[in-house]
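Before any comments, here is the structure.
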Amino acid sequence: MLSNIPTYFRMLKDSRFRLFLKKLQDAVPSSRNGSKGKTLGLVKLFLAGERILPFEGNYVAISLLPPLGSASFLQFVRTQGENVFADGSRVRMPAPISLSLAMTNRCNYNCLHCGVNLPSGVREMTASEWVRTTRTLLEMGSAYFALTGGEPLTRGDMEEIVRDGFDERATTILFSNGKVLTRERARSLKRAGLFGLCVSLDSADPEVHNRMRGNASAFEHALTAIANTRASGLYTLAQAVVYKNQLDRKKLFRLFKLARSQGAHEFRIMKPARAGTLISSQEEGIFYDEADDEFARRLQYQANRRWDMPKVTVFPFSEIGKFNCNAGVRHSYITAKGDWTPCDFIPMSFGNVLEEDMRTIWRRMNDAVGVPKKKCWSADLAEHLCGKCLPLEPEASAKIACEFRERELVRIK
C-alpha cells in the first residue's frame, strides 16, 4: 500500500532491521525450486491491505503474527521450516505457531456472543501449571500467544504468568473487556513483559456496546481502558465483534476514529462465530455471507489508506482470506482447565496438557485435522457439536476431524 512507503524507507535505513533481514534470510529454508520467488510471493500476500506500524524498534505488519524485526518472528519462521511456503500435501508442524490461552472462565460481563463453553466452577489451571505449559510450547516452537478468557484480569497472578511463562521468543497479547484495567495494572503487565493489550469496543454508540456486553457501564470502562493501555506503553488494540447487520462503513469508520482518539494503535474487526452462545442461533443479521466478507476486505483496504484512523485488521480477510483456516494446523486453543482444541470456537479436545505429553497431543490433533480449510471450520462443525457435552472427548474429536479433513493442497497464490 502507498501509505506504507514512508515506513519502508524507515525500515531500509534502520540498521537493526537490516540485521534482522540477514537473520531472516538464514532462517528461511533454501530450495532449488525457487525459494526467492516463493518468499516474495509470501511477503506480497502477507502485506496485502496492511498498514505497517513501527513499535519499539520493530514493525507490526499484521498483528495475528509477531512483529517484523522481533525474535518471535524468527521463531515463527524457523518453526515452520519448508511449511512457510505451504506447498506440501500435509502441513505437519512441530507446534502451533499461534495459540489462544483461556486463562480463566470467570468474567464480570455477560456478552451476547460469548464463546466460552466450560461452566463456571471448573478447576482452572494454576499459575505454575500455565508457566510449565507455555515454556513447553516455546520449546516446541510456538511464537504468538493470545491470553484470553473469560476475563483474564480477574486473575491476580497474570503478571507472574507473563513474566515467568514467556521470553523473547514469544509475542503476547492480552484480551480484556477493560472493566478492571487501571493504569497501574497496565503498567504492571508491561513491566512483566506483555507486548500488547486488546480492549473490546463493539460500537461507537454506548447503548449498543453496553447491550452486547451485558453491562450498563461497559462503554465507559472500555474507553478508559484503551487510554490506560496506551499510557502504559503497551501496543494498544481495540476490538469489535461486528454482526452482519452492523456492517456499515460510516458507523465503523466512526468507531475506528473513536478508538484512535483514546490512543489505539490498531483496531480489529471480528466475525461472529457459531460457537458458545451463538452455536445454534437462527437469528437473522448475525452471520456473514461471501458478500459480507468482501465488504470487510474492502473496508480494511480503505481504512488503512487513511491516517485519521488506527491500523485496521479485519479477520475475515487478514486471517481466512490470506492464510485459510489453520485451526489445528498452525493455530490452536487451550481451555482454562487444560483441554487442547483446534481453535477458540471449536470445542473438540484432543487431550489435556496436565495429563499427557503435549507433543503427543499436538501430533494427534495435527494428524487428524490435515491441511488448512478454505473457510472458517467452526461454521461447518456447529451442527455436529450443538447439544453435546463440550468439549468433546479426544476419540470423538478425532472422528469428526477425519470426516472433515481437507484433501486439496493450500498454495501461495
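The values are calculated or read from the model by the stated rules, or taken from the named source; none is laboratory data. For clarity, every value in this text was computed on a predicted model and none was experimentally measured. Using ideal geometry, Cβ is built from the backbone for each residue, glycine included, and neighbour counts are taken over all protein chains shown. Areas reflect the complete protein model, heavy atoms only, side chains present, ligands, DNA and RNA absent. Shrake-Rupley method; radii C 1.70, N 1.55, O 1.52, S 1.80 Å.
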Show the residue pairs that are 6+ apart or on different chains and have beta-carbon atoms under 9 Å apart, the first residue being within the stretch 188-206 and at positive phi, the second being at pLDDT 95 or above and assigned to a loop (DSSP other than H, G, I, E, B).
G193/F166; G193/D167; G193/E168; G193/A170
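For (1) more than 18 Å from I320 (Cα to Cα); (2) touching a residue at least 40 places away in the same chain (Cβ under 8 Å); (3) of a type in the set (G, A, S), each residue gets a yes or a no:
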residue: I226; (1), (2), (3): yes, yes, no
residue: Y243; (1), (2), (3): no, yes, no
residue: G263; (1), (2), (3): yes, no, yes
residue: R268; (1), (2), (3): no, yes, no
residue: G276; (1), (2), (3): yes, yes, yes
residue: S280; (1), (2), (3): yes, yes, yes
residue: A296; (1), (2), (3): no, yes, yes
Consider P152 against the criteria (1) closer than 23 Å to A231 by Cα; (2) over 18 Å from the mean Cα position of the chain (by Cα); (3) touching a residue at least 12 places away in the same chain (Cβ under 8 Å): it satisfies all of them except one. Which criterion is unmet?
(2)
Quick one: in the stretch 90-107, which of the residues that are open to solvent by 50 Å² or more (accessible area, probe 1.4 Å) and not hydrophobic (A, V, I, L, M, F, W, C) is modelled with the lowest pLDDT?
R90
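This table checks each residue for (1) open to solvent by less than 90 Å² (accessible area, probe 1.4 Å); (2) modelled with pLDDT of 85 or more; (3) within 20 Å of V77 (Cα to Cα).
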site	(1), (2), (3)
F17	yes, yes, yes
K23	no, yes, yes
R32	no, no, yes
K36	no, no, yes
G41	yes, no, yes
L45	yes, no, yes
R51	yes, yes, no
E56	no, yes, no
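Out of E139, E82, report the one residue that is at pLDDT below 95 and not in a loop (DSSP other than H, G, I, E, B). Quick ask: steps written out before the conclusion?
On the way: E139 fails: at pLDDT below 95.
Exactly one residue qualifies, and that residue is E82.
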Flag if F295 is open to solvent by 10 Å² or more (accessible area, probe 1.4 Å) and within 24 Å of V199 (Cβ to Cβ)
no
Total residues in the stretch 153-174, condition in a helix (DSSP H, G or I) and surrounded by 23 or more Cβ atoms within 10 Å (Cβ to Cβ):
5
Being within 19 Å of the chain's Cα centre (by Cα) and under 29 Å from K251 (Cα atoms) is the filter here, so list the residues in the stretch 183-212 that pass it.
G196, L197, C198, V199, S200, L201, D202
Restricting to the stretch 233-273, name every residue that is more than 16 Å from G196 (Cβ to Cβ) and of a type in the set (F, W, Y).
Y243, F253, F256
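Residues that are closer than 21 Å to P316 by Cβ: find the helices (runs of 4 or more DSSP H) completely inside the stretch 346-410 holding 2 or more of those.
Fully inside the stretch 346-410 and qualifying: 377-385.
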Quick one: count up the residues across the stretch 313-334 that are open to solvent by 10 Å² or more (accessible area, probe 1.4 Å) and among the polar types (S, T, N, Q).
2
Looking at P310, P347, P342, can you tell me which residue is buried (at least 22 other Cβ atoms within 10 Å of the Cβ), in contact with a Leu (Cβ under 8 Å, 6 or more places away or on another chain) and in contact (Cβ under 8 Å) with a residue 12 or more places away in the chain?
P347
Single unsatisfied condition, M270 versus (1) in contact with a Gly (Cβ under 7 Å, 6 or more places away or on another chain); (2) within 28 Å of E159 (Cα to Cα):
(1)
Of the residues that make up the stretch 308-323, is at least one hydrophobic (A, V, I, L, M, F, W, C) and in a loop (DSSP other than H, G, I, E, B)?
yes
